[in-house]
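The values are calculated or read from the model by the stated rules, or taken from the named source; none is laboratory data. It should be emphasised that the depicted structure is a prediction, and the values quoted were computed from it without experimental measurement. No Cβ is skipped: glycine too gets one built from the backbone with ideal geometry, and neighbour counts run over all protein chains shown. Just so you know, the surface numbers come from the protein's heavy atoms only, side chains and all, with ligands and any DNA or RNA stripped out. Shrake-Rupley method; radii C 1.70, N 1.55, O 1.52, S 1.80 Å.
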Amino acid sequence: MTEATAARTVLAEHVLAEHRYTPDPLVPVLGEKWLPRDIRCVASARRFVRDVAFDWNTAEDVPEVAELLASELITNALTHGAAGSSATRAVRVTVSREKALLAVDVHDACPALPQLRQAGSLALHGRGLAIVQAFSHHWGWALTPYGKSVWFQLVAWPSQDMCADR
């Protein structure tokens, strides 16, 4: 790493540290969990997302699908999100409700953007975001003042009017 690159990285981390990301206060947060940067925490985070979806009486298969998709995003944040950030920075998982949609957000301190890849038939990795894309109502990412958020939405309460969500 050159001195100029190192200086830009330090400056970017300083600027990001001065800003605090706050979720939209109008979107009800149903649950939030902070994870240490340790891949062994994926299982408890998966259970957390599944349990929140179940507790809030989502449609039949939503807890299991939310668990699967959250597992993909959390694993990505814990494995790929560590690049360029301190090992002490936590990953935050929030579950919220936006009308008929359950939204799961995974926040990490690394500003590197997620990349949807085409995995080969024998590849062991590279299918996570394709799974999220295939099974979610909608998914995406956003840069935040402290890194990024990768999220997905599932239709969890189908009796709600979906016209306003499109």
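Values as computed for the structure displayed
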item	result
Test: residue in segment 19-36 that is at pLDDT below 70 and either part of a strand (DSSP E or B) or over 27 Å from residue 137 (Cβ atoms) (or both)	yes
Candidates 60, 64 - the one that is acidic (Asp, Glu), modelled with pLDDT of 90 or more, open to solvent by 60 Å² or more (accessible area, probe 1.4 Å) and outside any helix (DSSP H, G or I)	60
Meets criteria (part of a loop (DSSP other than H, G, I, E, B), open to solvent by 60 Å² or more (accessible area, probe 1.4 Å) and either at pLDDT 90 or above or among the hydrophobic types (A, V, I, L, M, F, W, C) (or both)) for residue 116	yes
